[in-house]
Amino acid sequence: MLVPALRRFVLLIVVIGGGTVVISIVLGLMLGASLPRSIALGFYLVGCFLLLAGFFFGNRGPVRPRGDADTGGFLFRPSGRRVRWATREEHEEAINSSAVYVALGLVLIFLGIASDNRHTLF
């Protein structure tokens, strides 16, 4: 069970990391920055975004809207809004999604640290 999960996690790292490298190189060339520095900044930015996404997915409240359409706005909540308590599976999915996003974010930030040419690791 762990080997297929690790294989999927490594595939996520390769796809997201590869996309980050490609976009960082293109933006770095357009802006005239050095390639190692633009790649490191790309890893930092995407890693921080994934950490924030993991934080917000993990802190989702225990109440969910009833039905498919969420009719209330973020600031305006009508008094007749129907809500329900989240199921155990929804709680577990929120925690698992959060863990994946945080782990991916940390790996990408570490890759950014490793590829940054302004600071040496050793």
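The values are calculated or read from the model by the stated rules, or taken from the named source; none is laboratory data. Since we're looking at a predicted model, the values are computed, not measured. When we count neighbours, we look across all protein chains shown, and the Cβ atoms used for this are built from the backbone with ideal geometry, even at glycine. With ligands, DNA and RNA removed, areas are computed over all heavy atoms of the protein, side chains included. Shrake-Rupley method; radii C 1.70, N 1.55, O 1.52, S 1.80 Å.
Observations on the model:
- Residue, modelled with the lowest pLDDT, within the stretch 88-122, restricted to residues that are of a type in the set (D, E, K, R) and either open to solvent by 80 Å² or more (accessible area, probe 1.4 Å) or touching a Ser or Thr at 6+ places or on another chain (Cβ under 9 Å) (or both): 118
- Positions within the stretch 12-53 being part of a helix (DSSP H, G or I), surrounded by fewer than 18 Cβ atoms within 10 Å (Cβ to Cβ) and of a type in the set (Gly, Ala, Ser), in sequence order: 18, 19, 53
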